[in-house]
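> Could you have a look at this structure, given as structure tokens, before my questions?
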Amino acid sequence: MSDSNDNGAAQFGRNENASNGPIIPKSANEALRPEKVPQPPKRSRKARSQVVIFLNFVMTIIVFAALAAAGTVYYAMHQYEKPGPLQANQNFIVRGGAGMSEIASGLERSNIITDARVFRFVSEAYLDNETLKAGEYEIKAGSSMQDVMQLLKSGKSILYSVSLPEGLTVKQMFHKLSDDPVLVGNLPTELPPEGSLMPDTYKFTRGTKRGEIVQQMVAAQKVLVDQIWEKRDPNLPVSTVEELVTLASIVEKETGRADERPRVASVFINRLDKGMRLQSDPTIIYGIFGGDGKPADRPILKSDIDKQTPYNTYIIKGLPPTPIANPGRAALEAVANPSRTPELYFVADGTGGHVFAETLDEHNANVRRWRKVEAEKAAEAAKAAADAGTAAPAATAAQPQ
């Protein structure tokens, strides 16, 4: 009986907690109504602390800042490494002493990069303590900011060159340096000594000063001459480095053929040994025109041979007082170690070379043949000029050596 009473009590909604109290019946609506939910426990004073609230705020800010920074870095790196906007190869000049801000702004203005700020900040992170080097650079089409930074960091800028061949005087070399459109700055006001500049092709970057090239030439020639002087034939009739350079400059002006230089040097060495005058036409020219050189249309006249100048080796004995040009390595080496021949004379053969002789009779016969060749050439030129209706050029007088 008790079980059925208990079940009945539950069915009529008797409060189970009030086991000792009377049974209070509930209506259907009351039975379905949810019981009152207990209130949550009150937060402790520690949980409501201003310090905790502030720390929570700071942590939130840090998280958001970290997310923003990560997004910014991702964006910057993506921009830094993606291909740039340049459609065709373009030259860009980094001025000496230019800072990162100036370089970045210049790259953006030239449409080589899209964002100067990204280039600046990411490049500075990559470079650490290194710098971007001055010079002129060829930026390839589509280069990324990273590509541009690596190029400017490498210093592999565009190289220009100026060629200063053997046999030019100091003045003539200075004229070539002055006319070069890429070099900057003035040349030294005082000319270096004749023969002190090394003929060569010099490479340089845009913005290089002309004076720097001159300094290179002087230093290179000194090193070269000193090396050759140390290895010279001890029996040479030249007693100083200056005399070696002077004789080499005459050899340089007499022939442009490398295979002939030691032989031409031998002729002059033999003449010096015998006390004979050198009788070199280039010394006549230098005595008259100096470092400016003879005009191309001006022949050597018979009257020039008799002109009294310190350089006219038809008149003076021995070597002239200074070199008459800047000799190259081959001419210097030819004088330092000439061929061993008994020859005392040479004259042009009409083909760009020379014919050599031991005796004056042989030499005079060679001169007659050469004059015949020259006369034939002059006749052909006169005929061609007549056919063309123009004046024939004047023939240059030939002089025996």
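> May I ask you to verify whether ILE93 is among the β-branched types (Val, Ile, Thr), touching a helix residue (DSSP H, G or I) at 6+ places or on another chain (Cβ under 9 Å) and part of a loop (DSSP other than H, G, I, E, B)?
The answer is no for ILE93.
> So which residues in region 177-198 are more than 11 Å from VAL162 (Cα to Cα) and not polar (S, T, N, Q)?
Within region 177-198, VAL184, GLY185, LEU187, PRO188, GLU190, LEU191, PRO192, PRO193, GLU194, GLY195, LEU197, MET198 meet the criteria.
> A further question follows. Restricting to region 189-225, and then to whatever is free of Cβ contacts under 8 Å to residues at least 12 places away in the same chain and of a type outside the set (Asp, Glu), can you tell me which residue is surrounded by the fewest Cβ atoms within 10 Å (Cβ to Cβ)?
Ranking the candidates gives THR189 first.
> Moving to a separate point now. Cβ contacts < 6 Å: first residue in a strand (DSSP E or B), restricted to region 152-172; second residue of a type in the set (S, T, N, Q) and open to solvent by 40 Å² or more (accessible area, probe 1.4 Å), any location; separation 6+ or different chain. Result?
Once the first residue is in a strand (DSSP E or B) and sits in region 152-172, its partners that are of a type in the set (S, T, N, Q) and open to solvent by 40 Å² or more (accessible area, probe 1.4 Å) give SER161/THR201; SER163/THR201.
> Across region 252-269, which residue is farthest from GLY352 (Cα to Cα) among those that are open to solvent by 10 Å² or more (accessible area, probe 1.4 Å) and touching a Pro at 6+ places or on another chain (Cβ under 7 Å)?
Per the criteria, the residue is ILE269.
> Within region 100-130, which residues are more than 29 Å from ALA70 (Cβ to Cβ) and not in a helix (DSSP H, G or I)?
SER110, ASN111
> Given the structure, is VAL347 among the β-branched types (Val, Ile, Thr), open to solvent by less than 50 Å² (accessible area, probe 1.4 Å), under 20 Å from PRO282 (Cα atoms) and in contact (Cβ under 8 Å) with a residue 60 or more places away in the chain?
Against the criterion (among the β-branched types (Val, Ile, Thr), open to solvent by less than 50 Å² (accessible area, probe 1.4 Å), under 20 Å from PRO282 (Cα atoms) and in contact (Cβ under 8 Å) with a residue 60 or more places away in the chain), VAL347 does not qualify.
> Another question, then. Have a look at PRO323, PRO342 and point out the one that is in contact (Cβ under 8 Å) with a residue 60 or more places away in the chain, touching an Asp or Glu at 6+ places or on another chain (Cβ under 7 Å), assigned to a loop (DSSP other than H, G, I, E, B) and crowded, with 17+ Cβ neighbours inside 10 Å.
Just one listed residue meets the conditions, PRO323.
The values are calculated or read from the model by the stated rules, or taken from the named source; none is laboratory data. Worth saying up front: this structure is predicted, and the values here are computed from it rather than measured. Ideal geometry is used to build each Cβ from the backbone, glycine not excepted, and the neighbour counts take in all protein chains shown. Side chains are part of the model used for accessible areas, which takes the heavy atoms of the whole protein and leaves out ligands, DNA and RNA. Shrake-Rupley method; radii C 1.70, N 1.55, O 1.52, S 1.80 Å.
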